[in-house]
Amino acid sequence: MTTQSLFKRLGLALEQPGGCYSSTTWIRTTDAGVMESQNPSTGTVLARVYGCSDADYNTFVTGLQQTHTSWRMVPAPKRGEVIRRIGQALREHKDALGTLVSLEVGKIKAEGDGEVQEMIDMADFAVGLSRMLYGQTMHSERVHHRMYEQWHPLGVVGVITAFNFPVAVWAWNAFVAAVAGNTVLWKPSPKAPLCALAVQQLCNRVLEEAGYPGVFALCATDRVALAEKMVGDERLPLISFTGSVPVGRRVAATVGHRLGRTLLELSGNNAIIVDETADLELATRAIMFGAVGTAGQRCTSTRRLIVHESQYGKLLPRLLSAYAQVTIGDPLQPNVLMGPLIDGQAVARYRAALDEVTKEGGEVLCGGRVLDRPGYFVEPTIVRAQNHWNIVQQETFAPILYVMTYRTLDEAIQMQNAVPQGLSSALFTTHLRHSEAFLSAAGSDCGIANLNIGTSGAEIGGAFGGEKTTGGGREAGSDAWKAYMRRQTTTINWGAELPLAQGVTFGPTEGGANGASH
Ligand code: NAD
């Protein structure tokens, strides 16, 4: 598929507006910043997208508030039917959208397609969920009373996304938020505006055909001031933010100050532990996918490898041999396993991390070079390092794997947990006691704890997110939908008396006293 035919298929142009809440409301602004969407494999510009102004933003929020007043009264299963139709449109455009993800953010095609598949899975999940927004009933302590809880939508939900999952993260949020009865304002990463535009076009079409335009709005901008305006906006009861810890801290502080809600999906610093009983063939494959896949640009990428000292000499040669076979290049070529980093800044951070770790005393075991060719290509790298080093404690969004050894499982778990982040973790073992220790309350402190599976590649059926500085948010499966709704407890008195809870009596009694209670 040529870029031209891809653009045509997805309704994209070389120059276009970056915001709307239906197909008739595209912005006309041209003086609020221009985002140049780049192909990171070549460094060439794919298209120019005009950013939204503050006035555009206000129009979107007002429009979404308006739509919400009717959308919240549409029965949830009917809202689910609309999302089912979006899922169908995504199926029809999977190849094109997957290609665009590869083109704009440099993921290999299989991963670009996988990301669209995740959106489709989320749509299916949300359709089912639309009939399962369950509340509980409780037994009242008062006679002729009934209690239950019900769940209502919040209103307009703000979704801010990172560059590395330019379409799936929005779907995790938007599809669940929509079946829950909310409308959604999306601020995508300025590094991936085309992916967001393609998704918005597709949704506009389906929403209009279904008779519900304006449920999803897009507000692309590269102006931090506008992103901060959105975060501080009291009209958005929930801000779901996916991105780095420093930005996440600011978002949490601003929304916390206005006593709004946040759902935070921030950085990870994920480790795989390989114990003395592990299947090294399985472990090697999982480490490769975790550390090299997506060029190390997943929140769940494997950044630390904690190996039992008896296995180090056996595992390392396997890894070195596997790393030597990684084909780096154009992510749309079928034999390529690793594409580029997103931009020049990411390459600079890769270099800076390697400089710092070697100054600390780290030994580069393979890789470590920036490739001398157009685009932002680096080599996947393994460094012998120590867990407490400053650079190892941080998330560098690049394919750098820090390797360290341990003697006892307690020591390994302690090392794994001894970082500020708490997203994903994995143990490779065939030892029952080790696996149970790892999964126990004294084991991994992460939101995700896997056995004989690597740290990345989560399924949407389980709630996704992490602890500590990863932010505590949960998205996708399980009961994560509750974050997008408000819980209301209701007590109904169907009797002729008015008994008070806790046996309190209030009002004139036979003896004339007021307000006696137990
Ligand atoms: P980033 O923090 O630079 O940007 C994320 C988003 O925040 C972008 O849309 C950006 O424009 C916006 N932003 C920037 N400044 C802002 C501000 N002051 N207020 C509000 N929004 C602002 O992150 P990135 O480089 O795009 O993505 C990589 C990071 O995201 C990594 O740390 C990665 O671990 C994390 N991530 C986490 C998850 C997860 O689910 N835990 C998933 C994907 C990515």
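The calculated P(r) of the chain, using every Cα pair and 10 Å bins from 0, goes 4, 18, 26, 24, 15, 8, 3, 2, 0, 0 in percent.
When the alpha-carbon atoms of region 468-510 are used, the pair Rg, Dmax equals 20.5, 61 angstrom. In the context of the full set of protein chains, residues of region 99-243 present 30 Å² of accessible surface per residue (probe radius 1.4 Å, heavy atoms only). Cα extents for region 412-484 along the principal axes, largest to smallest and rounded to whole angstrom: 39, 24, 20. Dividing the alpha-carbon radius of gyration of region 270-459 by the rule-of-thumb value 2.2 N^0.38 Å gives 0.97.
If one puts a single equal scatterer on every Cα of region 397-518 and applies the Debye formula without solvent, what log₁₀ I(q)/I(0) results at q = 0.12, 0.15 Å⁻¹? Log-scaled intensity ratios, in q order: -0.63, -0.80.
Taking 0.36 nm per intervening residue step and subtracting the Cα-Cα distance, what contour gain separates residue 493 from residue 138 on full extension? Stretched out fully, the residue 493 to residue 138 stretch lengthens by 126.5 nm. On a per residue basis, region 270-459 carries 41 Å² of accessible surface, using protein heavy atoms and a 1.4 Å probe. Evaluating 6.51 cos²θ - 1.76 cosθ + 1.60 at θ = phi - 60° for every residue in region 274-282, the Karplus couplings come out as 10, 8, 6, 10, 5, 7, 6, 5, 4 Hz, glycine and proline recorded as x. Across region 73-84, coupling constants 3J(HN,Hα) worked out from phi with the 6.51/-1.76/1.60 Karplus curve, θ = phi - 60°, read 9, 6, x, 3, x, 6, 5, x, 4, 5, 5, 4 Hz, and Gly and Pro carry x. Highest mean packing comes first when the peptides 68-74, 136-142, 44-50 are listed by Cβ atoms within 10 Å, giving 44-50, 68-74, 136-142.
Compared with the dominant Cα axis of the chain, that is its longest principal axis, helix 54-71 is turned about 50°. Evaluate the relative contact order of the chain (contact order divided by residue number), counting alpha-carbon pairs under 8 angstrom at least 6 apart; express in whole percent. This gives 17 percent for the chain. Taking 22 Å as R0, compute the FRET efficiency from the Cβ-Cβ separation of residue 312 and residue 436 and round it to 0.05. The formula returns an efficiency of 0.35 here.
Projecting the Cα atoms of 74, 139, 49 onto the charge dipole of region 9-166 (Cβ charges, centred on the Cα centre) puts 139 farthest toward the positive pole. Neighbours of residue 457 by Cβ distance under 11 Å: Lys/Arg scored +1, Asp/Glu scored -1, total -2. Multiplying the residue separation of residue 253 and residue 34 by 0.36 nm and removing their Cα-Cα distance gives an extension gain of 76.0 nm. The charge dipole of region 270-459, taken about its Cα centre with unit charges on the Cβ of Lys, Arg, Asp and Glu (plus for the first two, minus for the last two), comes to roughly 280 debye.
From the largest down, region 1-114 spans 48, 36, 20 angstrom on the principal axes of its Cα atoms.
Which net charge results for the neighbourhood of residue 147, defined as the other residues with beta-carbon distances under 15 angstrom from its beta-carbon, given Lys and Arg at +1 and Asp and Glu at -1?
Result for the neighbourhood of residue 147: +1.
Close amide H contacts of residue 157 (hydrogens built in the peptide plane, cut-off under 5 Å, sequence separation of 5 or more or a different chain): 183, 184, 185. Each 10 Å bin from zero up to the one holding the largest Cα-Cα distance in region 144-194 carries the following percent of pairs: 24, 40, 20, 9, 5, 2.
Send over the Kirkwood Rh of region 283-363, from the inverse of the averaged 1/r over different Cα pairs, rounded to one decimal Å.
14.3
The values are calculated or read from the model by the stated rules, or taken from the named source; none is laboratory data. None of these values were measured; they are calculated from a predicted model. Neighbour counts are summed over all protein chains in view; Cβ atoms, including those assigned to glycine, are modelled from backbone coordinates with ideal geometry. Side chains included, ligands, DNA and RNA excluded: accessible areas come from the protein's heavy atoms. Shrake-Rupley method; radii C 1.70, N 1.55, O 1.52, S 1.80 Å.
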